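Let me begin by presenting the structure, written as structure tokens, before commenting on it.
The values are calculated or read from the model by the stated rules, or taken from the named source; none is laboratory data. All of these numbers come straight from a predicted model, not from anything done at the bench. Virtual Cβ from ideal backbone geometry, glycine too; neighbours counted across all protein chains shown. Please note that ligands, DNA and RNA were not included when accessible areas were found on the heavy atoms of the full protein model with its side chains. Shrake-Rupley method; radii C 1.70, N 1.55, O 1.52, S 1.80 Å.
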Amino acid sequence: MTHTVCLLPGDGIGPEVTTAARQVIDATGVDIEWVVLPAGSTALEFCGSVLPQRTLAAIAGHGVALKGPVTTPIGGGHTSVNVSLRKKLNLYAAVRPVRSMPGIKTRYDNVELVIIRENTEGLYSGIENEIVPGVVQSLKIATEPACTRIARFAFDYAVSRGRRRVTVLHKANIMKKSDGLFLRCARKVYTDYAGKIEYNELIIDNGCMQIIRDPSQFDVLLLENLYGDIISDLAAGLVGGLGVVPGANFGESCAVFEPVHGSAPDLARKGIANPLACIMSGVMMLNHLGEHEAAARIRDAYNTVLARGNPEELTRDIGGKATTQQFTDAVIKAMGT
Ligand code: NAI
């Protein structure tokens, strides 16, 4: 069966890591027709828009995309492509598995977390006003349908994968209304799952301390938008950094797979970025497409390369000296193709 997949190379290291992921996926022999589409600062330059209508239409039409990171200017400039993409395609659930990897030495070897992030609301509403010069406000939006929808997604995800517990991290002691609603919805949805899975709640500042102290006590984490963003990077730090954490954004009718990391301008065009997070996002995509055998082959191959620990095959962020292409070639070779 041929799959049609939208490929958004994005900005910075995006083209390098998406090229690597495409090479690895193509090496499995799965029949994919790639539709390459513009997004990000590069798209602005060539198409006059950071998120051209044809890009949105193609993802909505084909239902699946593999996306590289895009650059968002700080403190001004265009609004975030990611935020627009997630809102416009209603990609309401971000799923980010954070796992200890073979051969990557960190303080812990037993991290097995899944972060589930509400992707459409919270402080990412983009509603900010300057009331008078020197006084601004940002609106944090929470609605019952969106809070309920993400809670249901998290419990369904956790139960269907045999996970043991869902933990909500919140700040409902201070943001009593917005985080309070998020929490109330999670508790209400949990009544449908009680007996099938454990549920608990932690105030997020304590939660951060607990994650750093002993990540193994956590399983599936359910968070609103901004907390999910921050905890994703924090958790990446436990397992070897942003080069090894994949992600997926799910909506009712489409899914966009992308690494958690950004466009890493410090590494762009040097050919040294770690493509693993993007390759792992590709594995999540293959599973979504029902191509489980190809997904498993890639996973086994990168685990083999990591476990070998040969610096000539590993990128710098994980202790080696390989280029993006050398790591990619090592994974393809380990697949036995
Ligand atoms: P970043 O994730 O791009 O980089 C943070 C640090 O991690 C840097 O030191 C970078 O070199 C390192 N890093 C990231 N990915 C790596 C990889 N694959 N291999 C090796 N090292 C890697 O975050 P930063 O610097 O905060 O943001 C840069 C730009 O990316 C900003 O414009 C930001 O808005 C954007 N961004 C985009 C995202 C997306 O499109 N999904 C997500 C996060 C940030």
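A few remarks follow.
- Subset of region 1-40 (residues that are without any contact (Cβ under 8 Å) to a residue 40 or more places away in the chain and more than 15 Å from the ligand (Cβ to nearest atom)): M1, T2, D26, D31, I32, E33, W34, V35, V36
- Remark: I59 falls outside the filter, which requires a residue to be open to solvent by less than 40 Å² (accessible area, probe 1.4 Å), modelled with pLDDT of 95 or more, within 21 Å of the chain's Cα centre (by Cα) and farther than 17 Å from L7 by Cβ.
- Number of positions in region 281-317 that are touching a Lys or Arg at 6+ places or on another chain (Cβ under 9 Å) and outside any loop (DSSP other than H, G, I, E, B): 6
- Restricting attention to region 80-98, the residues being more than 13 Å from the chain's Cα centre (by Cα) and away from the ligand (no atom under 11 Å from the Cβ) number 5.
- When the residues of region 78-121 are filtered to those that are more than 24 Å from C208 (Cα to Cα) and of a type in the set (K, R), the one that is most open to solvent (accessible area, probe 1.4 Å) is K88.
- Selection over region 86-137 of residues that are polar (S, T, N, Q) and outside any loop (DSSP other than H, G, I, E, B) gives a count of 3.
- Residues located in region 139-155, provided they are surrounded by 14 or more Cβ atoms within 10 Å (Cβ to Cβ) and in a helix (DSSP H, G or I): A146, C147, T148, R149, I150, A151, R152, F153, A154, F155
- Selection within region 143-171 - in contact with a Phe, Trp or Tyr (Cβ under 7 Å, 6 or more places away or on another chain) and among the polar types (S, T, N, Q): T167
- Residue match in region 204-226 (condition: within 15 Å of the ligand (Cβ to nearest atom) and touching a residue at least 24 places away in the same chain (Cβ under 8 Å)): yes
- Just one of (1) open to solvent by less than 40 Å² (accessible area, probe 1.4 Å); (2) assigned to a loop (DSSP other than H, G, I, E, B); (3) of a type outside the set (V, I, T); (4) over 18 Å from V260 (Cα atoms) fails for G75. It is (1).
- Residue count for region 246-274 under the criterion of being under 21 Å from Q325 (Cβ atoms) and more than 7 Å from the ligand (Cβ to nearest atom): the result is 6.
- Single residue of region 284-317 satisfying the filter (under 23 Å from G237 (Cβ atoms) and under 19 Å from the mean Cα position of the chain (by Cα)) that is surrounded by the fewest Cβ atoms within 10 Å (Cβ to Cβ): R299
- Scanning region 298-316 finds one or more residues that are under 17 Å from V24 (Cβ atoms) and within 10 Å of the ligand (Cβ to nearest atom).
- Selection of region 219-237 for residues being of a type in the set (V, I, T) and more than 13 Å from the chain's Cα centre (by Cα) yields only V220.
- Residue match in region 51-66 (condition: in contact with a Phe, Trp or Tyr (Cβ under 6 Å, 6 or more places away or on another chain) and in contact (Cβ under 8 Å) with a residue 40 or more places away in the chain): yes
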